[in-house]
Structure formats: structure tokens, C-alpha cells
Amino acid sequence: MSSNTIIRHKYRKEFTLEFSRDRKSMSGYVVTAGRVTSNSQQESKIFVKGAPESVVERCTHIRVGTQKIPMISQIKEEIMGLIYQYGTERDTLCCLTLGTIDNPLKHKDMDLEDSRKFINYEIRNDITFVGMLDPPRTKVIDAIARCRDAGIRVIMITGYNKDTANAACQCIGIFEESEDTQVCIFLTAALGLPESLIPVQLLWVNLVTVGLPATALGFNPSDYDIMERPPCRPKESLITP
């Protein structure tokens, strides 16, 4: 918290390069706070945070103590191996990367209207890794077990990378360590096409197709053993003959 206060006093944020899925990072463009005299020059930096697998790939240097050394392939492999270890252990850590760009382009030289160009402004000099423990809620494991007993298939939609998501699913009981896993990729993502539906459209489809029928069914009292028996077969008659 103290280091954050120091940075806020030393720098003033000018604008933000918002997060995008293609580069998996976001950035804040800052300049030196206070007045600039004739003997001083305003310093500018870009602070970057994002997914390690994306950030490390675009990083040119890493800071070790007070020294800046080139990011060679051996160092890159060691860093990614450590991140994999942190993200797949029992206490799964959500890892992110913090980067600093010492001499970024000037504000006037950036095209802030085209987010596809943001990746060109985020060539990093120094990086730092942060791991955040994100444990599941205490009731999640029991809820998933009850869903299994009732014949409900639980699917997790997450922003984690594949390895971290795999470890998280094993932690909460969606599947066991011995089970095979499948990674589903939407056709639009596989072909590099733009998003077919924006989030608001997906929410609207969900509301119309699920929300109204679920609201009607919600007024019916449930059976006391509903979570102890599997659901009815799709082709089963609604009316008992």
C-alpha cells in the first residue's frame, strides 16, 4: 500500500490502454506529477499488467535487483515454469505480470482510437510477477457434490488459463485428477473471427430463453428429495399416463 501511495504522488495518470483479449493486458500511461522547470524534463512511463504467458512473450528485459538484463529464452522458460507451478498446485495462485516501460511513445504519437495498436505500445523493459491466492468459497465443494448426486452436470466458465482452470476444477471437485479434460474453443475464436455476440446480447438471449420460464417454474414448490435423484429424461412424458 505504501509503494502505491509513493507512485500516486510521483506520477499522474494521463490515460489507460484498456484490456483486450488478444494481448491479455492493460496499461496506464503516467507522467511526472508537479511542475516541470527549465532544468527538468517531464518523465513518462507505462505501467502494464496482464497474463504472464502474454506479457513475458513481449518482454525484452527483466530487472534483477538494480540491474537490467536481457530476457533470453532460458530465463523465459524458467519464469514460465515457475508460473505453471504456482498456478497448478493445490493452493492455486492467480498469477499476473506487472511491467514498466521507461521511455514510451509520446501521447500525441499514439493512436488511441484503434485498440489493435495497443500491443505495439506495450513492449516491456522490466517485469514483476504477483501471485494472488483465490480460494473457493467454503460452500462450493458441497454444492457441486449435491449437483452431482442430482444428476446435474457442472460446467465452469472462467478467465483462467487452461492449466490454472484445470487445477481449480480439481480443487472444487468438478472432476478428479485422474479424469481426462477437454478444452472447448468456440469456432469464432479458432478462426480468428470477431466476436459473434457481445456480452449484452448474450445476457438478453439468456433472459428471454431461460429467465422467463425459470421465473414461472420458481413459483412451484419443489419436492423435498429433488437434489437426491437425477432429473427426468428429456423424452419422458410431462403427464403421467
* Among all residue pairs at least 6 apart or on different chains, which show Cβ distances below 9 Å where the first residue, located in segment 18-32, is within 21 Å of LYS106 (Cα to Cα) and the second is of a type in the set (Val, Ile, Thr) and at pLDDT 85 or above? -> MET26/THR16; SER27/THR16; GLY28/THR16; TYR29/THR16
* How many residues does segment 19-35 contain that are touching a helix residue (DSSP H, G or I) at 6+ places or on another chain (Cβ under 9 Å) and under 12 Å from TYR121 (Cα atoms)? -> 5
* Quick check: anything in segment 174-193 surrounded by 10 or more Cβ atoms within 10 Å (Cβ to Cβ), modelled with pLDDT of 75 or more and part of a loop (DSSP other than H, G, I, E, B)? -> yes
* To do: Answer yes or no: is there a residue in segment 143-161 that is modelled with pLDDT under 80 and over 26 Å from SER25 (Cβ atoms).
  => no
* **Test: residue in segment 82-98 that is of a type in the set (Asp, Glu) and either modelled with pLDDT of 80 or more or more than 19 Å from the chain's Cα centre (by Cα) (or both)** => no
* To do: Report whether or not GLU43 is modelled with pLDDT of 80 or more and either outside the structural domain of ASP102 (by TED's automatic domain parsing) or of a type in the set (Asp, Glu) (or both).
  => no
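The values are calculated or read from the model by the stated rules, or taken from the named source; none is laboratory data. Just so it is clear, the structure is predicted and the values come from calculations on it, not from any experiment. Cβ: placed from backbone, ideal geometry, glycine included. Neighbour counts: every protein chain shown.
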